Ligand SMILES: NC(=O)C1=CN([C@@H]2O[C@H](COP(=O)(O)OP(=O)(O)OC[C@H]3O[C@@H](n4cnc5c(N)ncnc54)[C@H](OP(=O)(O)O)[C@@H]3O)[C@@H](O)[C@H]2O)C=CC1
Ligand SMILES: O=CC(=O)O
């Protein structure tokens, strides 16, 4: 008998066919996100789940006693209660590597947009404000090339950002991570820095860390005070890595020049969020990995992890905190 799985989001025909070959499955194929109570009811009958950032709590796991694996279609897995998953022996997987270059592209798109004020100037032209006079200084932006970039998080994606910065834009790169990376320093000529010095010296600060207890509100009022007044913050990590209220105040008081945000404390963010009213803030709706090719690769990777987890194989991408569950099998 094939193992029973539930697919908690729409997938392509190819992915569905792959899962169908190995599993008996049910699927949530509506565009809107699956309601938590529907996911729970389905999870009670399944050995494996494929989800996209659905919250997996202790209470959820306690009620879904057949689960062996939960495959997340994202690299970040802050939606997993890792302690509870370990307690219930449920393997969690994610989709690293396949999205790195795409997310690094988006980080650069955000950096360039904020520095050169692309959304503002796009509106200026489209609204008919371009009247042919010599361009006024108020339209000027700031350079990206030959400036200093501080990257907070030097993992898979951080490295791809560093490569673009050094070889594409001649930037000086400083980085912070939990441990220094001497080999990457040699490859990219970048320097490891404590967070405070990185904030003090960078023209652009990119956040690309996982959301954990140690990174929640990593950047708050105290950190904004350290940043240059012409600095631009790019957050492509998770909204909660930044104290959003402190960011609003830092922008209002001119402590930093601007921000470019793919992620927010609460998603979707409220239309009333003051950040959305600020010209010096560029926003996109959490689309770091959102190209058709990369998203398809992520979903196929998630399907492969799911199938391996319910058919007695070893999923390729078990999250590091739960790898003990595999070695203990
Ligand atoms: N906006 C979007 O659409 C996307 C967002 N993301 C987010 O980006 C995150 C990073 O992805 P990825 O590069 O694959 O992850 P990795 O695990 O490869 O890298 C994470 C990096 O963060 C560092 N780090 C962890 N904790 C801290 C800390 N307290 N202070 C400083 N550095 C820290 C790690 O240090 P060390 O190497 O020393 O352990 C590591 O260098 C994801 O977890 C996700 O939240 C990812 C993809 C898309
Ligand atoms: O936010 C996206 C991810 O893959 O993590």
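Yes or no: residue 173 within 16 Å of ligand 2 (Cβ to nearest atom) and either in a strand (DSSP E or B) or not assigned by TED's automatic domain parsing to the domain that holds residue 248 (or both)?
On the way: within 16 Å of ligand 2 (Cβ to nearest atom): no; either in a strand (DSSP E or B) or not assigned by TED's automatic domain parsing to the domain that holds residue 248 (or both): yes.
For residue 173, the condition - within 16 Å of ligand 2 (Cβ to nearest atom) and either in a strand (DSSP E or B) or not assigned by TED's automatic domain parsing to the domain that holds residue 248 (or both) - is not met.
Going through 41, 37, 14 one at a time, which residue ends up being surrounded by fewer than 16 Cβ atoms within 10 Å (Cβ to Cβ), in a helix (DSSP H, G or I), in contact (Cβ under 8 Å) with a residue 40 or more places away in the chain and out of contact with any strand residue (DSSP E or B) (no Cβ under 6 Å at 6 or more places or on another chain)? First the steps, then the outcome.
Values: 41 fails: in contact (Cβ under 8 Å) with a residue 40 or more places away in the chain; 37 fails: in contact (Cβ under 8 Å) with a residue 40 or more places away in the chain.
Exactly one residue qualifies, and that residue is 14.
What are the residue pairs meeting all of these: first residue in the range 261-276, first residue over 15 Å from residue 243 (Cβ atoms), second residue part of a loop (DSSP other than H, G, I, E, B) and at pLDDT 95 or above, Cβ atoms under 7 Å, and 6 or more apart or on different chains?
What qualifies is 262/236; 262/284; 262/286; 262/287; 262/288; 267/286; 268/285.
Hey, any hits in the range 231-243 for a residue that's in a loop (DSSP other than H, G, I, E, B) and surrounded by fewer than 18 Cβ atoms within 10 Å (Cβ to Cβ)?
Here is the first cut: in the range 231-243, the ones in a loop (DSSP other than H, G, I, E, B) are 231, 236-238, 243.
Now narrow it down to the ones that are surrounded by fewer than 18 Cβ atoms within 10 Å (Cβ to Cβ): none.
Scanning the range 231-243, I find no residue that is in a loop (DSSP other than H, G, I, E, B) and surrounded by fewer than 18 Cβ atoms within 10 Å (Cβ to Cβ), so the answer is no.
I'd like the full set of residues that are assigned to a strand (DSSP E or B) and out of contact with any helix residue (DSSP H, G or I) (no Cβ under 8 Å at 6 or more places or on another chain), limited to the range 23-34.
Here is the first cut: in the range 23-34, the residues assigned to a strand (DSSP E or B) are 24-27.
Within the range 23-34, 24 is the sole residue that qualifies.
When the range 288-317 is examined, which residues are found to be surrounded by fewer than 17 Cβ atoms within 10 Å (Cβ to Cβ) and either under 17 Å from the mean Cα position of the chain (by Cα) or assigned to a helix (DSSP H, G or I) (or both)?
Of everything in the range 288-317, those that are surrounded by fewer than 17 Cβ atoms within 10 Å (Cβ to Cβ) and either under 17 Å from the mean Cα position of the chain (by Cα) or assigned to a helix (DSSP H, G or I) (or both) turn out to be 290, 291, 292, 293, 296.
Rundown of residues vs (1) under 23 Å from the mean Cα position of the chain (by Cα); (2) within 16 Å of ligand 1 (Cβ to nearest atom), yes/no style:
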{"residue": "14", "(1), (2)": "no, no"}
{"residue": "18", "(1), (2)": "no, no"}
{"residue": "26", "(1), (2)": "no, no"}
{"residue": "31", "(1), (2)": "yes, no"}
{"residue": "34", "(1), (2)": "yes, no"}
{"residue": "37", "(1), (2)": "no, no"}
{"residue": "49", "(1), (2)": "yes, no"}
{"residue": "53", "(1), (2)": "yes, yes"}
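Which one of these is buried (at least 23 other Cβ atoms within 10 Å of the Cβ), within 22 Å of residue 280 (Cα to Cα) and at pLDDT 95 or above: 141, 150? Give the steps one after another, and end with the answer.
On the way: 141 fails: buried (at least 23 other Cβ atoms within 10 Å of the Cβ).
Just one listed residue meets the conditions, 150.
Go through the range 186-207 and report how many residues are assigned to a strand (DSSP E or B) and crowded, with 20+ Cβ neighbours inside 10 Å. Please lay out each step first, then the result.
The initial filter retains those residues of the range 186-207 that are assigned to a strand (DSSP E or B), namely 191-192, 204-207.
If we keep only those that are crowded, with 20+ Cβ neighbours inside 10 Å as well, we get 204-207.
Residues meeting the conditions: 4.
Tell me which of these residue 183 doesn't satisfy, since it passes every other one: (1) surrounded by fewer than 21 Cβ atoms within 10 Å (Cβ to Cβ); (2) more than 16 Å from ligand 1 (Cβ to nearest atom).
Of everything listed in (1) surrounded by fewer than 21 Cβ atoms within 10 Å (Cβ to Cβ); (2) more than 16 Å from ligand 1 (Cβ to nearest atom), residue 183 misses just condition (2).
Which condition number in (1) within 15 Å of ligand 1 (Cβ to nearest atom); (2) exposed (fewer than 15 other Cβ atoms within 10 Å of the Cβ); (3) not in a loop (DSSP other than H, G, I, E, B) is the one that residue 285 fails?
Among (1) within 15 Å of ligand 1 (Cβ to nearest atom); (2) exposed (fewer than 15 other Cβ atoms within 10 Å of the Cβ); (3) not in a loop (DSSP other than H, G, I, E, B), residue 285 violates only (3).
Exactly one condition in (1) under 23 Å from the mean Cα position of the chain (by Cα); (2) more than 10 Å from ligand 1 (Cβ to nearest atom) is false for residue 239; which is it?
Going through the list (1) under 23 Å from the mean Cα position of the chain (by Cα); (2) more than 10 Å from ligand 1 (Cβ to nearest atom), residue 239 breaks only (2).
Okay, residues lined up against (1) in the same structural domain as residue 112 (by TED's automatic domain parsing); (2) buried (at least 17 other Cβ atoms within 10 Å of the Cβ):
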{"position": "264", "(1), (2)": "yes, yes"}
{"position": "273", "(1), (2)": "yes, yes"}
{"position": "277", "(1), (2)": "yes, no"}
{"position": "321", "(1), (2)": "no, no"}
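Go through (1) away from ligand 1 (no atom under 13 Å from the Cβ); (2) part of a loop (DSSP other than H, G, I, E, B); (3) under 30 Å from residue 302 (Cβ atoms) one by one and return the number of the condition residue 164 breaks.
That leaves (2) as the condition not met.
Output the residues belonging to the range 288-306 that are more than 11 Å from residue 98 (Cβ to Cβ) and within 11 Å of ligand 2 (Cβ to nearest atom).
288, 290
Could you list, in sequence order, the residues of the range 318-329 that are within 22 Å of the chain's Cα centre (by Cα), in contact (Cβ under 8 Å) with a residue 60 or more places away in the chain and part of a helix (DSSP H, G or I)?
321, 322
Scanning the range 97-138 for residues that are at positive phi and surrounded by 10 or more Cβ atoms within 10 Å (Cβ to Cβ), which turns out nearest to ligand 2 (Cβ to nearest atom)?
Ranking the candidates gives 97 first.
The values are calculated or read from the model by the stated rules, or taken from the named source; none is laboratory data. All values derive from a computational prediction rather than experimental measurement. Heads up, the Cβs are rebuilt from the backbone with ideal geometry, glycines too, and the neighbour counts pull from every protein chain shown.
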